[in-house]
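This report concerns only the one structure given below.
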Amino acid sequence: MATSTYLSNCRVQVGNPTGNIDITDQCSGATVTIGYDPLVTDAFGKNYHSNTSGLQANEVQLDLYASFVASETYATLKSLVGVGTCQVIITPDPDAAVSATNPAMTFSNTMLAALPLVTAVGALGTYSVTFLAGSYAEDITP
């Protein structure tokens, strides 16, 4: 029986359609949710609820180390807050070529609504940011 094991170490890029910045070295976690809003299709005569797919309802949540150095997390993300044309690209294996088994998952026209900084005494500061909405596409061409 064939099995597949996925060890997480993805490439993470954020930005806008004209350019992205690789923040892989500042990212400690990523959660990607690809989905659709459910639309109710109930009708007279049915004895159950039914749904169909509506608009895409995607979300990318990133856990990032806080850095205030130029071109690091703060400088990269602060300009994206409140902008509805953000782009996030996640590639599962950063060392392999883009392919059907290593797609570049691209989220376009997303919005970063807030930039919350989490800090504590003696701890490394972090950001937990969520890019909301937008469209999803997979690039599998090398």
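Structure above, values below:
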read-out: Residue that is farthest from Val32 (Cα to Cα) [pool: residues in region 92-138 that are at pLDDT below 85 and among the charged types (D, E, K, R)]; value: Asp95
read-out: Ser67 of a type in the set (Gly, Ala, Ser), out of contact with any strand residue (DSSP E or B) (no Cβ under 7 Å at 6 or more places or on another chain) and within 28 Å of Leu117 (Cβ to Cβ); value: yes
read-out: Residues (surrounded by 16 or more Cβ atoms within 10 Å (Cβ to Cβ) and part of a loop (DSSP other than H, G, I, E, B)) located in region 100-114; value: Pro103
read-out: Hey, Thr31 among the hydroxyl-bearing types (Ser, Thr, Tyr), in a strand (DSSP E or B) and either in contact with a Gly (Cβ under 7 Å, 6 or more places away or on another chain) or over 14 Å from Ile90 (Cα atoms) (or both) or not; value: no
read-out: Neighbours by Cβ (under 9 Å, 6+ apart or cross-chain): first from region 46-71, under 30 Å from Asn9 (Cα atoms); second charged (D, E, K, R) and modelled with pLDDT under 90; value: Tyr65/Asp25; Tyr65/Glu72; Ala66/Glu72
read-out: Criterion: in contact (Cβ under 8 Å) with a residue 24 or more places away in the chain, among the polar types (S, T, N, Q) and touching a Ser or Thr at 6+ places or on another chain (Cβ under 6 Å) - qualifying residue of Ser108, Ser99; value: Ser108
read-out: Selection within region 25-64 - more than 23 Å from Ala113 (Cβ to Cβ) and among the β-branched types (Val, Ile, Thr); value: Val40, Thr41, Thr52
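The values are calculated or read from the model by the stated rules, or taken from the named source; none is laboratory data. This is a predicted model, so every value here is computed, not measured. Methodologically, a virtual Cβ is constructed for each residue, glycine included, from the backbone with ideal geometry; neighbour enumeration extends over all protein chains shown.
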